[in-house]
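First the structure, which I've put down as structure tokens, then a few questions once you've had a look.
The values are calculated or read from the model by the stated rules, or taken from the named source; none is laboratory data. Quick caveat: nothing in here was measured; it's all calculated off a predicted structure. Positions of Cβ are backbone-derived with ideal geometry, glycine not excepted, and every protein chain shown enters the neighbour counts.
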Amino acid sequence: MTMSTPHNYFVPSSDVVTSIVIPTIIFCIGMVVAMLIGINKCKQWELDKIVEMRRTRRVIQRITARLREKNFKTIQRARNMRKKAKTASKQNRPTDMGTALSPAPPTYNTTANAGCGQSPPPTYEDAVLEQLYHECLPQKRRLSSVKSK
């Protein structure tokens, strides 16, 4: 016994296809295209932002390097002026013990094996200036000064 059943398919009318189905398919394709375009625009925007940030970072690094170099030169000049003033004041001091002035204390010895109480410490300004000088040393000079010690 074979039973043959006819297949009943629903065939929409041509009005329904042209008024609902085709516009829906076109709309979905348009949405996918718009999303792809939007994704590409976002990627381009992010790349532009990264490039701008890198450019800004380079400008800031250049300005910082210039300011660091100017600060270093200023500190170096101040340090040299104070050293010159110290040597000039040492040369102008009276060496005669018979004068009314009390004898000057010995000069400050910066070596590590110097005993306690041999000379007065450097002034606070000298110490701060020296610390700033070593902080502002350019990388090349800092490495060479560490190797030489």
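Yes/no matrix, rows are residues, columns are (1) modelled with pLDDT of 75 or more; (2) hydrophobic (A, V, I, L, M, F, W, C); (3) in contact with a helix residue (DSSP H, G or I) (Cβ under 8 Å, 6 or more places away or on another chain):
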site: Arg54; (1), (2), (3): yes, no, no
site: Arg66; (1), (2), (3): yes, no, no
site: Lys73; (1), (2), (3): yes, no, no
site: Arg79; (1), (2), (3): yes, no, yes
site: Ala88; (1), (2), (3): yes, yes, no
site: Asn92; (1), (2), (3): no, no, no
site: Ser144; (1), (2), (3): no, no, no
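Related question: Exactly one of (1) of a type outside the set (Asp, Glu); (2) at pLDDT 95 or above; (3) under 37 Å from the mean Cα position of the chain (by Cα) is unmet by Phe27. Its number?
Here Phe27 clears every test but (3).
To continue, here is another question. Going by the conditions given, is Phe72 of a type outside the set (Asp, Glu) and within 24 Å of the chain's Cα centre (by Cα)? Can you show your working first?
Values: of a type outside the set (Asp, Glu): yes; within 24 Å of the chain's Cα centre (by Cα): yes.
Answer is yes for this residue.
Of Val33, Val21, which residue is farther than 30 Å from Pro138 by Cβ, surrounded by 10 or more Cβ atoms within 10 Å (Cβ to Cβ) and modelled with pLDDT under 95? Before the answer, list the steps.
Details: Val33 fails: modelled with pLDDT under 95.
The match here is Val21.
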